[in-house]
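The values are calculated or read from the model by the stated rules, or taken from the named source; none is laboratory data. Worth saying up front: this structure is predicted, and the values here are computed from it rather than measured. No Cβ is skipped: glycine too gets one built from the backbone with ideal geometry, and neighbour counts run over all protein chains shown. SASA here: full protein model, heavy atoms, side chains in, ligands and nucleic acids out. Shrake-Rupley method; radii C 1.70, N 1.55, O 1.52, S 1.80 Å.
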Amino acid sequence: MSKSFDVIVIGGGPGGYIAAIRAAQLGFNVACIDEWKNDKGGPAPGGTCTNVGCIPSKALLQSSEHFDHAAHHFGDHGITLSNLKMDVAQMIGRKNTVVKQNNDGILYLLKKNKVAFFHGRGSFAKAAEGGYEIKVAGAADESLVGKHVIVATGSSARRLPGAAFDEDRILSNDGALRIPAVPKTLGVVGSGVIGLEMGSVWRRLGADVTILEALPNFLGAADEGVAKEALKAFTKQGLKFEFGVKISEVNVGKKGRDAQVRVAYANAKGEALTLEVERLIVSIGRVPNTNGLNAEAVGLKLDERGAIVVDGDCKTNLTNVWAVGDVVRGPMLAHKAEEEGVAVAERIAGQHGHVNFNTIPWVIYTSPEIAWVGRTEQQLKAEGVAYKAGQFPFMANGRARALGDTTGFVKFLADAKTDEILGVHIVGPLASELIAEAVVAMEFKASAEDIARICHAHPSLSEATKEAALAVDKRTLNF
Ligand code: FAD
Ligand code: NAI
């Protein structure tokens, strides 16, 4: 006998569990199915984000930043340390604890909101009377029927052809988060978000890190000025970059402790080169998880990449089947997945849930941090939009000087006629937090002058935001 629900959510990552909670808040009878297992085989909801993504990567970035400060910056404050050591096992253990706290928190939230949680793989069986029959293959097999189904099955790391992940020498984001000792040499394929964050973690701890990138330019999605400033800082930290490479072969040497990974590639000049490293992280983007869904049983439409085809409202080609997060088009970000999950639950309830794609912030948690919202200068130029730019360096910000971190700047781009903010780009300390003000401003269609006229606490990094807004009108006060 099948159990019936108003809403069944397949996937318990940020898209899925948030959709389930919002649907429950709206009074629906909700099930959430997730197959992620912890090391004891038990449930570990939270998806990529909690288990092998946002949360553990930020935990390691924090640990490695402490180490870097102790090694290179404590002296400036008169603090002397001798015999500084890194206990990698302790760092990984702490990261695992942080992950578990999040898994447990999500289980608690689901329970509190009376969402029925099923641990196992969910797949479409057939269209049934009153909705869709969903099979759960797990510890105990179940059959559920849902009037509405929200698919939030996320994404997995894309493989480099000829270099299967063994999570020992050739690492996806999963293995990159649990390297047991600092490697002497580390290769990274792809200078995107994961490559930069994970490359930074292991570089700070002492690895000699080389990043191989196929494109000729660095961080093409970011504002050019920001990308240039960030590349300068990363290079100074000792990250080595090769752009415009074409990888032809990856081989893992004889097994054992000394096995080296050899990456044969052509550089931008077409010269044949080999990179030999202890471990290789492959971070070349992600692919949607639709293999286990049995989508064909109900005729759910996928595109050529395997992503679920949805319209602007996250509706699929099937009535009452929705899809959100990494498994559909758009940026692969946890907060984008969450916003879509909330909006879909509200649409099911007949409300007008909405996701504004123009104000989804991007953050890269390196040092300096990089964050932006809205359009870049190169996009505005390409679109022929008349704009004004204003920039303010952290070097001229008192709080940044007191913190000892003056790299970077805040940059505002505003419409030349109306002064409406079109984009804000930050590279520097706590850009991840500073960007929130810009998101709010853009969501309210604020002008640069609106921000320039707001009182910002002194001394604070946010004064750099105000000053950059003032710079749009060429009237900074402190620069
Ligand atoms: P997921 O989080 O992938 O969750 C999908 C869940 O569905 C998983 O638990 C999966 O096991 C489960 N599932 C799949 N198929 C089935 C099935 N058939 N039945 C049952 N369960 C199934 N984003 C940010 O915004 N900020 C960051 O700082 C950030 N850092 C990241 C760092 C790394 C290393 C990585 C890899 C990603 C990072 N991301 C970050 C991206 C972020 O993790 C994803 O955008 C986000 O997790 C997508 O959420 P989702 O719910 O769509 O999918
Ligand atoms: P990415 O899309 O950010 O970067 C991939 C890079 O690999 C690109 O620069 C691409 O040109 C390069 N590349 C592709 N094929 C290549 C090849 N054969 N050889 C060399 N280079 C190649 O993807 P990444 O870093 O894997 O991250 C996946 C996604 O996860 C991100 O796009 C982002 O959505 C999410 N994420 C978000 C984070 C955040 O918000 N802070 C942190 C980490 C991941």
Exclusive hit being without any contact (Cβ under 8 Å) to a residue 40 or more places away in the chain and acidic (Asp, Glu), set Glu276, Glu271: Glu271
Any pair with Cβ under 8 angstrom, 6 or more apart, that starts in region 387-398 at a residue that is over 10 Å from Ile426 (Cα atoms) and ends at one that is part of a strand (DSSP E or B) and open to solvent by 30 Å² or more (accessible area, probe 1.4 Å): Tyr387/Asp415; Lys388/Asp415
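From the list Leu219, Leu196, Leu205, which residue is open to solvent by less than 10 Å² (accessible area, probe 1.4 Å) and either touching a residue at least 60 places away in the same chain (Cβ under 8 Å) or touching a helix residue (DSSP H, G or I) at 6+ places or on another chain (Cβ under 9 Å) (or both)? Please lay out each step first, then the result.
Numbers: Leu219 fails: open to solvent by less than 10 Å² (accessible area, probe 1.4 Å); Leu205 fails: open to solvent by less than 10 Å² (accessible area, probe 1.4 Å).
Testing whether each residue is open to solvent by less than 10 Å² (accessible area, probe 1.4 Å) and either touching a residue at least 60 places away in the same chain (Cβ under 8 Å) or touching a helix residue (DSSP H, G or I) at 6+ places or on another chain (Cβ under 9 Å) (or both) leaves just Leu196.
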Residue check, Thr153 in contact with a Leu (Cβ under 7 Å, 6 or more places away or on another chain), within 16 Å of ligand 2 (Cβ to nearest atom) and closer than 23 Å to Val7 by Cα: yes
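In region 277-290, is there at least one residue being away from ligand 1 (no atom under 16 Å from the Cβ) and in contact with a Phe, Trp or Tyr (Cβ under 9 Å, 6 or more places away or on another chain)? Spell out the reasoning first.
Step one: filter region 277-290 for residues away from ligand 1 (no atom under 16 Å from the Cβ), giving 277-278.
Those still in the list that are in contact with a Phe, Trp or Tyr (Cβ under 9 Å, 6 or more places away or on another chain) too: none.
No, there is no match, as no residue in region 277-290 is away from ligand 1 (no atom under 16 Å from the Cβ) and in contact with a Phe, Trp or Tyr (Cβ under 9 Å, 6 or more places away or on another chain).
Yes or no, residue by residue, for (1) outside the structural domain of Gly46 (by TED's automatic domain parsing); (2) within 14 Å of ligand 1 (Cβ to nearest atom):
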residue: Leu107; (1), (2): no, yes
residue: Phe118; (1), (2): no, yes
residue: Ala127; (1), (2): no, no
residue: Gly130; (1), (2): no, no
residue: Ala137; (1), (2): no, yes
residue: Asp141; (1), (2): no, yes
residue: Lys147; (1), (2): no, no
residue: Gly162; (1), (2): yes, no
Wholly enclosed strands (runs of 3 or more DSSP E) of region 181-265 bearing at least 3 residues away from ligand 1 (no atom under 16 Å from the Cβ): 208-212, 240-242, 246-252
Subset of region 333-352 that is among the hydrophobic types (A, V, I, L, M, F, W, C) and buried (at least 19 other Cβ atoms within 10 Å of the Cβ) - its residue that is nearest to Val310 (Cα to Cα): Val344
Qualifying positions in region 236-255 - exposed (fewer than 12 other Cβ atoms within 10 Å of the Cβ) and closer than 23 Å to Leu205 by Cβ: Lys236
Scan of region 154-171 for residues that are open to solvent by less than 10 Å² (accessible area, probe 1.4 Å) and within 20 Å of the chain's Cα centre (by Cα), ordered by number: Ser155, Leu171
Subset of region 9-65 [buried (at least 20 other Cβ atoms within 10 Å of the Cβ), in a strand (DSSP E or B) and out of contact with any His (no Cβ under 6 Å at 6 or more places or on another chain)]: Val9, Ile10, Val30, Ala31, Cys32, Ile33, Asp34
Failed item in (1) more than 30 Å from Ile18 (Cα to Cα); (2) open to solvent by 60 Å² or more (accessible area, probe 1.4 Å), with Asp68 passing the rest: (2)
Any chance Asn320 is among the polar types (S, T, N, Q), in contact with an Asp or Glu (Cβ under 9 Å, 6 or more places away or on another chain), in contact (Cβ under 8 Å) with a residue 40 or more places away in the chain and open to solvent by less than 70 Å² (accessible area, probe 1.4 Å): no
Filter result for the condition that a residue is within 16 Å of ligand 2 (Cβ to nearest atom) and closer than 23 Å to Phe218 by Cα, over Val363, Val355: Val363
Strands (runs of 3 or more DSSP E) enclosed by region 278-386 - at least 2 residues per element that are in contact with a Leu (Cβ under 7 Å, 6 or more places away or on another chain) and not assigned by TED's automatic domain parsing to the domain that holds Lys411: 279-282
Contacts under 7 angstrom Cβ, first residue in region 163-190 being within 19 Å of Glu242 (Cβ to Cβ), partner within 15 Å of ligand 1 (Cβ to nearest atom) and among the small types (Gly, Ala, Ser), 6 or more apart: Val188/Gly195; Val188/Gly199; Val188/Ser283; Val189/Ser283; Gly190/Ser283
Selected residue [closer than 21 Å to Leu219 by Cα and either touching a Pro at 6+ places or on another chain (Cβ under 6 Å) or open to solvent by 70 Å² or more (accessible area, probe 1.4 Å) (or both)] from Ala382, Ala431, Ala402, Ala389: Ala382
Inter-residue pairs, beta-carbon under 9 Å, first away from ligand 1 (no atom under 16 Å from the Cβ) and in region 11-30, second among the aromatic types (Phe, Trp, Tyr), 6+ apart: Phe28/Phe5; Asn29/Phe5
